[in-house]
Each structure stands twice: as structure tokens, then as C-alpha cells.
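A short worksheet on the structure shown next.
The values are calculated or read from the model by the stated rules, or taken from the named source; none is laboratory data. These numbers come from a predicted model, not from an experiment. Neighbour counts are summed over all protein chains in view; Cβ atoms, including those assigned to glycine, are modelled from backbone coordinates with ideal geometry.
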Amino acid sequence: MSRIAATFDQLKLAGRKALIPYVTAGFPFADITPALMHGMVDAGADVIELGVPFSDPMADGIVIQKAGEKALALGIGMKQVLAMVAEFRLKDNSTPVVLMGYANPVERYDQVNGKGAFVRDAAAAGVDGLLVVDYPPEECEAFAADLRAHGMDLIFLLAPTSTPERMQQVARVASGYVYYVSLKGVTGAGTLDTAAVEAMLPQIRQHVHIPVGVGFGIRDAQTAQAIGKVADAVVIGTRIIQLIENQPHEKVVALVADFLRGIRKALDA
């Protein structure tokens with residue numbers, strides 16, 4: 001059983017929902033990510049999504065795009081991201097870490113380091129899951145099997161526009177959890193319609209029998225609590241990036257931890 005599946009099983013037994021914060025690796029400072037990850041866990045995060053910086057992030061809104069550009073300018077690539085996870089693992093061997101990003105950095109890593117190097121090195125670093133925005137499920141069954149053989153899950157996005165056929169394709173390949181994008185458009189866009197999410201989740205669960213997390217548009221304790229009533233997990237990214245984008249180094253971890261404690265309290269209420 002993967003660390004992600006074990007975490008969701010424990011949460012279900014406790015009657016709790018997963019809090020999954022997202023941060024861009026290497027943002028806003030190249031050296032801050034492992035400490036930030038520990039701070040998020042201390043504040044109640046159950047799974048961490050770590051964004052892999054990429055120059056053409058088509059699903060990300062301007063806030064996360066700018067974070068990725070800054071991290072790239074600081075020299076953060078896949079090699080550095082895996083090193084951050086390995087550093088995090090020196091003190092935390094239980095919190096699942098999911099890398100979220102695009103196909104190019106994964107495939108480039110294998111071009112540079114040899115076929116199969118990414119899966120091998122990600123597993124060795126302590127990565128638990130991968131969410132590749134531009135990998136369609138029908139094209140990566142072999143990749144998903146390779147990840148599972150190394151104890152990692154391949155996670156997919158579903159959207160308000162996803163058809164039952166698409167949900168079935170995802171259900172065949174996905175493990176860990178699926179990520180329901182609650183808004184049409186990019187991250188950080190629009191206003192969350194909790195009623196629409198509530199109506200969509202039963203349709204997804206007809207086809208997908210692993211936990212369903214919801215993200216895009218969750219910005220505060222109130223929206224997190226509303227989504228937590230219907231979803232298995234709440235994913236928050238853009239709001240965290242906004243909180244820290246102009247902060248001095250010494251304030252970043254505490255700011256994010258304070259914010260997440262409020263979300264955790266609302267989810268557990």
C-alpha cells in the first residue's frame with residue numbers, strides 16, 4: 001500500500017478530511033522548501049503537493065506561473081526538486097509528497113539521466129505520487145504501472161467538463177486520489193460554486209473508487225469547510241503562493257503555518 005493510500009485510510013477511520021497544500025518548489029527562496037514542507041505538516045497538512053517549475057505551465061494561473069518563473073530563475077529544476085524531497089524525508093518518513101507539473105521536466109530528466117531514471121530517482125528520494133497535467137490517462141498505463149511498482153501513485157485531474165467516458169479512463173489508471181478541478185480555466189481563477197461541486201462529486205464516484213480531492217478556488221476556511229463536507233480532500237495552492245510571494249525569508253514558514261492551522265480547524269469542526 002502506498003503512503004497516500006495509507007494516509008487516506010487513516011483519515012477515513014478518524015472521520016477526517018485530507019488537507020493538501022500546494023507550493024512551488026524553490027519559491028519564494030531556493031532553500032526554503034524543506035522547512036516550509038515541515039511547517040505545513042506541523043500545521044495539519046496530510047499530503048503535500050510540490051509544484052515542479054516549468055516554463056510553459058498551461059493550467060496554472062498568473063500567480064503560480066510567476067512563482068514557477070522565479071523558481072526557474074533561482075536554478076530550480078527536477079534534480080533540485082528531488083533533492084528537496086530527500087531532505088524533507090530525513091525528518092519525515094510518513095507524510096506523502098506528490099510532485100505536480102508537466103511532462104517536459106519528467107521526460108527531460110530521463111533524456112539526461114537515462115531511461116527509467118526519473119521513476120527510480122523519485123522513488124529513492126521519497127516521492128509518493130505524480131500529477132502530470134498533460135499526461136492523458138489513455139497514454140500512460142505503462143508509466144502508471146512502473147510508478148506503482150516503485151510504490152508511487154499516478155494522480156489525474158478531472159474537470160466540470162469531464163465526460164463519464166473520461167472518468168472511466170482515469171479510473172482505470174489512477175491511484176492514490178483524483179484531483180477534481182472545481183472551476184473551468186486556470187488555477188486561481190473565478191469564484192468557487194460549492195453547489196456545483198456537490199452535484200458533480202456523486203457522478204465522479206460512480207466511476208472513480210479512490211478518494212476525490214477538490215482544488216482551484218479554495219481560498220479560506222469557509223470555502224475549505226464547505227468543500228470538506230463533500231470531498232475527501234481539500235487542495236489549496238494559489239492562496240498560499242499569494243501569501244508568501246513578497247515576504248522576507250524569516251516570515252514565510254510561519255505565515256503559511258498560521259494560514260493552514262485555520263483551514264485545519266475549519267475542516268475538523
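Search region 199-224 for residues being under 24 Å from GLY129 (Cα atoms) and touching a Gly at 6+ places or on another chain (Cβ under 7 Å), and hand back the single one that is modelled with the highest pLDDT. My answer is ILE210.
Please verify whether ILE236 is closer than 17 Å to LEU11 by Cβ and either touching a Ser or Thr at 6+ places or on another chain (Cβ under 7 Å) or touching a residue at least 60 places away in the same chain (Cβ under 8 Å) (or both), treating the condition exactly as stated. Yes. State which residue is farthest from VAL181 (Cα to Cα) when the search covers only region 1-49 and only residues that are of a type in the set (D, E, K, R) and in contact with a Gly (Cβ under 8 Å, 6 or more places away or on another chain). Checked region 1-49; the qualifying residue farthest from VAL181 (Cα to Cα) is ARG3.
When region 129-163 is filtered for residues that are farther than 30 Å from ALA199 by Cα, buried (at least 21 other Cβ atoms within 10 Å of the Cβ) and of a type outside the set (A, V, I, L, M), nothing remains.
Candidates are the residues of region 55-101 that are among the small types (Gly, Ala, Ser) and not in a loop (DSSP other than H, G, I, E, B); the one that is farthest from ASP31 (Cα to Cα) is GLY101. When the criteria are applied in full, THR223 fails the requirement of being of a type in the set (Ser, Thr, Tyr), closer than 22 Å to LEU158 by Cβ and touching an Asp or Glu at 6+ places or on another chain (Cβ under 9 Å). In summary, GLY68 fulfils each of the numbered conditions (1) crowded, with 18+ Cβ neighbours inside 10 Å; (2) more than 14 Å from GLU245 (Cβ to Cβ) with the single exception of condition (2).
Across region 204-234, the number of residues qualifying as hydrophobic (A, V, I, L, M, F, W, C), crowded, with 23+ Cβ neighbours inside 10 Å and part of a loop (DSSP other than H, G, I, E, B) comes to 3.
For (1) more than 20 Å from MET152 (Cα to Cα); (2) touching a strand residue (DSSP E or B) at 6+ places or on another chain (Cβ under 7 Å); (3) among the aromatic types (Phe, Trp, Tyr); (4) surrounded by fewer than 24 Cβ atoms within 10 Å (Cβ to Cβ), each residue gets a yes or a no:
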site: ALA5; (1), (2), (3), (4): no, no, no, yes
site: ASP31; (1), (2), (3), (4): yes, no, no, yes
site: ILE62; (1), (2), (3), (4): yes, no, no, yes
site: LEU74; (1), (2), (3), (4): yes, no, no, yes
site: GLY77; (1), (2), (3), (4): yes, no, no, yes
site: VAL81; (1), (2), (3), (4): no, yes, no, no
site: GLU87; (1), (2), (3), (4): no, no, no, yes
site: TYR102; (1), (2), (3), (4): no, yes, yes, yes
